[in-house]
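Contents: one structure, followed by commentary.
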Amino acid sequence: MVANWLVRREGRIALALAAAYFIVYSALAVLRHESYHSFRFDLGLFDQVFWNTTQGRPFESTMSQALAVPHSLLGDHFSPLLLVLVPFYYAFPHPETLLVLQTFALALGAWPVYLLARLKLPPGYALVWVAVYFLFVPLAYINLYDFHEVVLSVAPLGFALYFLERERRGWFLFSLLITFLVKEEMALVGAGFGLYALLGKRDWKLGLGVLVGSLLAFAAVIQLAIPFFAEGRTYPYIKLRYAEVGGSPGGIMTTLFTDPLRIARAVLEPKKIYFAIAIFGPVLGLSAVAGWASVVLLPTLGYLLLSNYEAQFSFTTQYSAPLIPLVIGTSILALARLPESARSPVMAAVVASSLVFSWAFGDMPFSRKFDPGLFSTPSRYGLFVRQVAVRITPHASVSAESSFPAHLAERRYVYDFAFEGAQDAEWVVLDYEASDYNLAAFNAQVASVEAAGYTEVAAGYGLALLHKRT
């Protein structure tokens, strides 16, 4: 009786779950920022980019790539889809807007999960998969880790998989194209969908078109679009982050065929295995038995696990965002392939595993690693923050560190002190959090700024506000 009642109302209950998640995590994300636990990378950076865009300077930044002169963010990462959010930011031009929009984007990601489960599984399963989605380990971490453009790919990737299963080519291609406008590596993710259409759906025209088109789009963005906006500078991240396995797409492929053990050693590092367990453990590794659908995961896993940049294979950062809809989606497809008698016990095991992983590794309010201290302002900021607000005028140039750039980014010239120094800014804001709470190192830092022509005008414990002498 209860089960029938739930099935009849599962759509509304799923919507209620999404709404509850949105309300709770919007509040938590905003509280984390307003209590000075957000960072200049990337909330401060994106807040400045959005503010500059509303001032008629599209995508302009003085923080990305540690370039202190005004330049285009698109010369760092190709994310034109951010323009869709500009009207919302224009209505309320503050970082809190970005945090709420990001939470909405993640809550929206539950919709294609619900639709895919309803398409592939009997009534009642879709609601359970929505719950599994919200319990998924990386989701809450990403939501509470400032603002990142890659989060905007979660819902479109989920819709791309759903529409591919529905054989709705137009909507599938539209969803995939949206992801290409999120960030440059999304075109590689699209190649996985091309492989699935080619091998799993036996749709040679669609599969080859998407596969080749995705690879060409990636090459065009990396070789043409980003260097254009970077005024001739080349895209640096492949060489920097994949030096151990070849340092370029061609070099990686050469290493794969000439020295496969080198690739294996790069992928099988202990931290990467830990990452894979946290990603696939909640769904019992079902993606591995999803048939050809599992190939949609390969490009994303490839660029994450081959990297030597640790943040890319951490479930607490934004880089794992594209895996969320792909792992959940392929797990749904895998469950649909199982005999009917096995589905219920396996689904129950997935729910149990998701709860255990969320408690043990996640960032939900009931998780053992959840830190309530991130949502209350340390007392040392109280009087100091008021001095900063009173003394620094809206158009003054500022160099700051720790959480302060995220609170002072709505101006044309704001610098990250840790990477760019004072840059002759009118004001410098220092926080000993950036010195790993080493008070002696912080005092030496204050002295060095004073020696460079600044006067300390306000202070707190491990905090200093300095004004340039005229």
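In the stretch 306-315, the count of residues that are closer than 23 Å to Leu152 by Cα and out of contact with any Lys or Arg (no Cβ under 9 Å at 6 or more places or on another chain) is one or more. Every condition in (1) of a type in the set (S, T, N, Q); (2) more than 14 Å from the chain's Cα centre (by Cα); (3) under 30 Å from His94 (Cα atoms) holds for Asn143 except the one numbered (2). The set of residues in the stretch 155-187 that are within 25 Å of Ala334 (Cβ to Cβ) and either touching a Ser or Thr at 6+ places or on another chain (Cβ under 7 Å) or basic (Lys, Arg) (or both) comprises Pro156, Leu157, Phe159, Ala160, Phe163, Arg166, Arg168, Arg169, Thr179, Met186.
Of all residues in the stretch 314-334, those being more than 9 Å from the chain's Cα centre (by Cα), farther than 17 Å from Tyr125 by Cβ and hydroxyl-bearing (Ser, Thr, Tyr) number 2.
Considering the conditions (1) exposed (fewer than 13 other Cβ atoms within 10 Å of the Cβ); (2) in a helix (DSSP H, G or I); (3) at pLDDT below 95, Gly232 is excluded by exactly one of them, (2).
The combined condition, being in contact with a helix residue (DSSP H, G or I) (Cβ under 9 Å, 6 or more places away or on another chain) and assigned to a loop (DSSP other than H, G, I, E, B), is fulfilled by Ala422. Number of residues in the stretch 358-379 that are surrounded by 15 or more Cβ atoms within 10 Å (Cβ to Cβ), among the small types (Gly, Ala, Ser) and part of a loop (DSSP other than H, G, I, E, B): the value is 2.
Tallying residues that are assigned to a loop (DSSP other than H, G, I, E, B) and farther than 18 Å from Val295 by Cα within the stretch 168-191 yields 5.
Residues in the stretch 335-357 that are crowded, with 16+ Cβ neighbours inside 10 Å and over 20 Å from Leu116 (Cβ atoms): Leu355, Phe357.
For the stretch 429-457, how many residues are among the hydrophobic types (A, V, I, L, M, F, W, C), touching a helix residue (DSSP H, G or I) at 6+ places or on another chain (Cβ under 7 Å) and more than 17 Å from His407 (Cα to Cα)? So the count comes out to 4. Every test in (1) in a loop (DSSP other than H, G, I, E, B); (2) within 30 Å of the chain's Cα centre (by Cα); (3) buried (at least 20 other Cβ atoms within 10 Å of the Cβ) is passed by Val429 save one, and that test is (1).
Hey, does the stretch 400-410 have a residue that's surrounded by fewer than 21 Cβ atoms within 10 Å (Cβ to Cβ), part of a loop (DSSP other than H, G, I, E, B) and free of Cβ contacts under 8 Å to residues at least 12 places away in the same chain?
no
The values are calculated or read from the model by the stated rules, or taken from the named source; none is laboratory data. Predicted model only: the values in this text are computed from it and were never measured. All Cβ positions, glycine included, derive from the backbone under ideal geometry; neighbour counts span all protein chains shown.
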